[in-house]
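Notes follow once the structure below has been shown.
The values are calculated or read from the model by the stated rules, or taken from the named source; none is laboratory data. Bear in mind the structure is a predicted one, so any value in this text is a computation, not a measurement. Glycine also receives a Cβ, built like all others from the backbone with ideal geometry; neighbour counts cover every protein chain displayed.
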Amino acid sequence: MTDQDSGLRARLVAAGVDLVTREGVHALTLREIARHAGVSHGAPRRHFATHVELLSAIARQGFAELATAVGLAGQGADDGTDPRTRIAALSRGYLDFAAANPGMFELMFRHDLLEDSGLGLRQTTLPLFETLVRLVAAVRPPSGAEPPVVAAALWANLHGLAQLRSWGALRLATGGEDVEPLLRAALDAHLGPAAQ
């Protein structure tokens, strides 16, 4: 691949990131991405074998941004911070990313759109999940459930909170948008009550 080809691929991905950020998943047609990138409508096909491959490249950028938002780089090292505190920080980062990037967040988890991309996109979520499993194991939840099970249940809970907030359903259920009390309840439910 030439530098020019690599530059155009990056430009198409950047155009897609901008579109999904401003307009949502529905805006990510090949024609619209090409128009936004300032290239012919056939240009994406020369650099991405399928529309799904281009969408996956855009989603991969989102996963990189999510890893930064939750502080994944620092989660592997033992910095002396209590594991439960680290889980709470990771959880807040996840919820904050979802709230700040609703279009990208939707795309990242639309496996119906991204299936069979050939890019192993699902593998990009594994470092975050593995970090969560390690932290859960360090907390030793009183339920006795295996750490991957507790981590998956907590992740599902966080994802549900993110989705309900984005749909405006939390306001209906709780009368507000503040997810902090719900996050504390979720952490207590999955990890046991916080030490006093």
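Being within 19 Å of Ala185 (Cα to Cα) and either at pLDDT 90 or above or among the aliphatic types (A, V, I, L, M) (or both) is a property that Ala100 lacks. For the stretch 137-185, the set of residues classified as outside any helix (DSSP H, G or I), over 18 Å from Asp82 (Cα atoms) and touching a residue at least 12 places away in the same chain (Cβ under 8 Å) consists of Ser143, Glu177, Val179, listed by residue number. Arg60: on the phi < 0 side of the Ramachandran plot and either assigned by TED's automatic domain parsing to the domain that holds Arg140 or in contact with a Ser or Thr (Cβ under 7 Å, 6 or more places away or on another chain) (or both), yes or no? Yes: the conditions hold for Arg60. Among the candidates Leu119, Leu107, Leu128, the residue that is at pLDDT 90 or above and either of a type in the set (S, T, N, Q) or surrounded by 13 or more Cβ atoms within 10 Å (Cβ to Cβ) (or both) is uniquely Leu107.
Selection over the stretch 25-43 of residues that are assigned to a helix (DSSP H, G or I) and more than 18 Å from Met108 (Cβ to Cβ) gives a count of 8. Can we say Leu90 is in a helix (DSSP H, G or I) and either modelled with pLDDT under 90 or in contact with a helix residue (DSSP H, G or I) (Cβ under 6 Å, 6 or more places away or on another chain) (or both)? Criteria not met by Leu90. As a summary of the residue check, Leu172 satisfies the conditions (1) exposed (fewer than 14 other Cβ atoms within 10 Å of the Cβ); (2) modelled with pLDDT of 90 or more except for the one numbered (2). Of the residues Asp188, Asp112, only one is under 30 Å from Leu28 (Cα atoms), assigned to a helix (DSSP H, G or I) and not polar (S, T, N, Q); which? None of the other options fit; the residue is Asp112. Report yes if some residue within the stretch 17-24 is within 24 Å of the chain's Cα centre (by Cα), under 20 Å from Glu106 (Cβ atoms), in a loop (DSSP other than H, G, I, E, B) and not basic (Lys, Arg); otherwise report no. Looking through the stretch 17-24, at least one residue is within 24 Å of the chain's Cα centre (by Cα), under 20 Å from Glu106 (Cβ atoms), in a loop (DSSP other than H, G, I, E, B) and not basic (Lys, Arg).
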